[in-house]
Amino acid sequence: QVQLIESGGGSVQTGGSLRLSCLASGDTHSVNLMGWFRRTPGKEREPVAVTSVWDDITYAESVKGRFTISREKSKNILYLQLSDLKPEDAAMYYCAASRSYGTCMPMRDYCYNYWGPGTQVTVSS
């Protein structure tokens, strides 16, 4: 089993920045994929950015060039740097981890076995 906990959410103005962190614990050696998803009320959870343990990275088109995903592997920490934030970026952001790689599409939430409780990002105009 893997446990995930997010931190770093908050309220910023349009154009501002935040860095989200996700600390993984437990059987982290089994993890091949990690990523960030987000959800707003009335919408399905959507992928933001995902990465593999071999450093393959995929971003949603809506955040490409503004957000950066990275890992501090020795400490089992996943980061998401959010820059040039827009009101439409406001959401609950979730960290996810998966044992899968090459057997499913990494931008689909069904690939992920483990989820954190989320951290809220609010963007004011």
Hits in region 1-24 (condition: open to solvent by 30 Å² or more (accessible area, probe 1.4 Å) and assigned to a loop (DSSP other than H, G, I, E, B)): GLN1, GLY8, GLY9, THR14, GLY15, SER17
Search result, residues across region 86-120 that are aliphatic (A, V, I, L, M), surrounded by 14 or more Cβ atoms within 10 Å (Cβ to Cβ) and out of contact with any Lys or Arg (no Cβ under 8 Å at 6 or more places or on another chain): ALA90, ALA96, ALA97, MET107
Residue within region 96-110 that is at pLDDT 95 or above and over 13 Å from MET34 (Cα atoms) present: no
Residue that is nearest to the chain's Cα centre (by Cα) [pool: residues in region 83-125 that are farther than 30 Å from GLY26 by Cα and charged (D, E, K, R)]: ASP89
Unmet criterion (only one of (1) under 20 Å from THR119 (Cα atoms); (2) open to solvent by 60 Å² or more (accessible area, probe 1.4 Å)) for ASP27: (1)
Residues (free of Cβ contacts under 8 Å to residues at least 40 places away in the same chain, among the hydroxyl-bearing types (Ser, Thr, Tyr), open to solvent by 50 Å² or more (accessible area, probe 1.4 Å) and over 21 Å from GLY16 (Cα atoms)) located in region 38-85: SER74
Options GLY35, GLY65; residue that is within 18 Å of MET107 (Cα to Cα), modelled with pLDDT of 95 or more and part of a loop (DSSP other than H, G, I, E, B): GLY65
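The values are calculated or read from the model by the stated rules, or taken from the named source; none is laboratory data. None of these values were measured; they are calculated from a predicted model. Neighbour counts are summed over all protein chains in view; Cβ atoms, including those assigned to glycine, are modelled from backbone coordinates with ideal geometry. The protein model used for the area step is the full one, side chains on, heavy atoms only, and it has no ligands, DNA or RNA in it. Shrake-Rupley method; radii C 1.70, N 1.55, O 1.52, S 1.80 Å.
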